[in-house]
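Encoded as structure tokens, the structure appears first; notes follow it.
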Amino acid sequence: MNIHEYQGKDILRKFGVSVPKGIVAFSPEEAKEAAIRLFEEQGSPVVVVKAQIHAGGRGKAGGVKLAKSPDEAFDIARQMIGATLVTHQTGPEGKEVRRLLVEEGMNIDREFYVGITLDRSTSRNVLMISTEGGMEIEKVAEETPEKLLKIQVDPLFGLQGFQAREAAFFLGLEGEQFRNAVSFITALYNAYMAIDASLAEINPLVVTREGRVLALDAKINFDDNALFRHKEFLELRDTSEEDPFEVEASKSGLNYVRLDGNVGCMVNGAGLAMGTMDMIQLAGGRPANFLDVGGGASPKTVEEGFKIILSDKNVRAILVNIFGGIVRCDRVAGGIIEAAKKIDLNLPVIVRLEGTNAEIAQKMLDESGLNLIAATGLHDAAAKVNKALAS
């Protein structure tokens, strides 16, 4: 689950991570009031008005602007709220700006990058530090890898003091700036672990001329599988920033990701889903989605899965690929038949069922009288997908 910058900063602040003073605003009037408070309380000569969307690259797209007065903050907010912001992460359709963060200005000396995530190749958290703040970290890693330091953190011991100091030394900091950076990195790691985050990214991390070390931006992503331990964070979800199909799927307990293809997929198990998507590609089609109905697929979940797939107007065929291990194939077949009777399935539906009670399931589909195309094996399923697309 992703959250907005201002929400991430509110969480980090509770763990002792230094962040600028900021106030969220949902209207130009609120932005003006926030600017007045910051000018009076912080004594800042400028405030920063920042669009809040779930995407990076806002600054280059005009989503981050300086205001030298409350009236200027009002004018900027009036232009931003309701506007569509297009960045390298939003795609050409962009995202509508519905809220802003009005923040105190910083007397910036230097900008860096700090990120923490899971390195799956080592099964350890990795602390990433770069001297190139404000840039895309993927570009830094590819073009100037010497400017990126990766520190593997042993899960038994956590982030050690010498590792935080190594990171601060890599940034070339000294004196008060060095000590503040060590404290910042330590607090950030503690927050990352405590909230079960999948990513904590500060880009940029800034050092001010007064020696302060602060998170000028903050991107916090949660591990969805750990949210049952953090129910207080569920209210931070902004569904307006998510694909409506994915929101609807989550309500039914389905793992769904929308893609830009023409073949809808319904599969049980993430590994089989990925293999199915590859198979569709090899067959000459393009997967329209990732949809994992899970090991305990029921008639209800199958029906909801069909509804979501059919909501995508780009879908020209549907492939159901189920391996009956935890769930019996006849149970899935029953769900498919029940769903097909309730929903207007006017697209070719190729069904491949293997595993427990597969023969029974095949018989159920054959005797259903519905327009379902049975497939035996992956090659046969791929061929029938290709034929359906060609017709």
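The values are calculated or read from the model by the stated rules, or taken from the named source; none is laboratory data. For clarity, every value in this text was computed on a predicted model and none was experimentally measured. As a convention, Cβ positions derive from the backbone with ideal geometry for all residues, glycine included, and neighbour counts pool all protein chains shown.
Anything in the stretch 12-53 that is more than 16 Å from Ile76 (Cβ to Cβ), in contact (Cβ under 8 Å) with a residue 60 or more places away in the chain and touching an Asp or Glu at 6+ places or on another chain (Cβ under 9 Å)? List them, or say none.
Within the stretch 12-53, Val19, Pro20, Lys21, Gln42 qualify.
Is the stretch 230-247 home to any residue that is farther than 27 Å from Gly94 by Cβ, surrounded by 14 or more Cβ atoms within 10 Å (Cβ to Cβ) and not small (Gly, Ala, Ser)?
Looking through the stretch 230-247, at least one residue is farther than 27 Å from Gly94 by Cβ, surrounded by 14 or more Cβ atoms within 10 Å (Cβ to Cβ) and not small (Gly, Ala, Ser).
Can you spot a residue in the stretch 24-42 that is out of contact with any Gly (no Cβ under 8 Å at 6 or more places or on another chain), part of a helix (DSSP H, G or I) and within 22 Å of Phe184 (Cα to Cα)?
Yes, because at least one residue in the stretch 24-42 is out of contact with any Gly (no Cβ under 8 Å at 6 or more places or on another chain), part of a helix (DSSP H, G or I) and within 22 Å of Phe184 (Cα to Cα).
Report the residue count in the stretch 241-277 for those that are at pLDDT 85 or above, of a type outside the set (A, V, I, L, M, F, W, C) and closer than 19 Å to Lys313 by Cα.
Selection size over the stretch 241-277: 6.
Being of a type in the set (S, T, N, Q) and outside any strand (DSSP E or B) is true for just one of Gln152, Gln163. Which residue is that?
Of Gln152, Gln163, the one residue that is of a type in the set (S, T, N, Q) and outside any strand (DSSP E or B) is Gln163.
Would you tally the residues in the stretch 47-63 being out of contact with any Pro (no Cβ under 9 Å at 6 or more places or on another chain) and buried (at least 17 other Cβ atoms within 10 Å of the Cβ)? Can you show your working first?
Keep residues of the stretch 47-63 that are out of contact with any Pro (no Cβ under 9 Å at 6 or more places or on another chain), which gives 49-63.
Of the ones still in play, those that are also buried (at least 17 other Cβ atoms within 10 Å of the Cβ) are 49-56, 58, 61, 63.
Residues meeting the conditions: 11.
Scan the stretch 84-143 residue by residue and report those that are of a type in the set (S, T, N, Q), assigned by TED's automatic domain parsing to the domain that holds Ala55 and in a strand (DSSP E or B).
Thr84
Those residues that are surrounded by fewer than 15 Cβ atoms within 10 Å (Cβ to Cβ) and either farther than 16 Å from Gly294 by Cβ or in contact (Cβ under 8 Å) with a residue 12 or more places away in the chain (or both), I need them from the stretch 248-267; list them, please.
Gly253, Val257, Asp260
In the stretch 268-296, how many residues are part of a loop (DSSP other than H, G, I, E, B), more than 25 Å from the chain's Cα centre (by Cα) and buried (at least 19 other Cβ atoms within 10 Å of the Cβ)?
Counting residues in the stretch 268-296 that are part of a loop (DSSP other than H, G, I, E, B), more than 25 Å from the chain's Cα centre (by Cα) and buried (at least 19 other Cβ atoms within 10 Å of the Cβ) gives 2.
When the residues of the stretch 64-76 are narrowed to those that are assigned to a helix (DSSP H, G or I) and not small (Gly, Ala, Ser), which ends up surrounded by the most Cβ atoms within 10 Å (Cβ to Cβ)?
Among them, the one singled out is Ile76.
Restricting attention to the stretch 342-379, which residues are more than 35 Å from the chain's Cα centre (by Cα), closer than 23 Å to Ala288 by Cβ and either in a helix (DSSP H, G or I) or among the hydroxyl-bearing types (Ser, Thr, Tyr) (or both)?
Within the stretch 342-379, Leu365 is the sole residue that qualifies.
Could you say whether any residue in the stretch 226-239 is over 29 Å from Ser123 (Cα atoms) and not in a helix (DSSP H, G or I)?
Checking the stretch 226-239: at least one residue is over 29 Å from Ser123 (Cα atoms) and not in a helix (DSSP H, G or I).
Restricting attention to the stretch 174-190, does a residue exist that is surrounded by 22 or more Cβ atoms within 10 Å (Cβ to Cβ) and within 26 Å of Ile53 (Cβ to Cβ)?
Yes, there is a match, as at least one residue in the stretch 174-190 is surrounded by 22 or more Cβ atoms within 10 Å (Cβ to Cβ) and within 26 Å of Ile53 (Cβ to Cβ).
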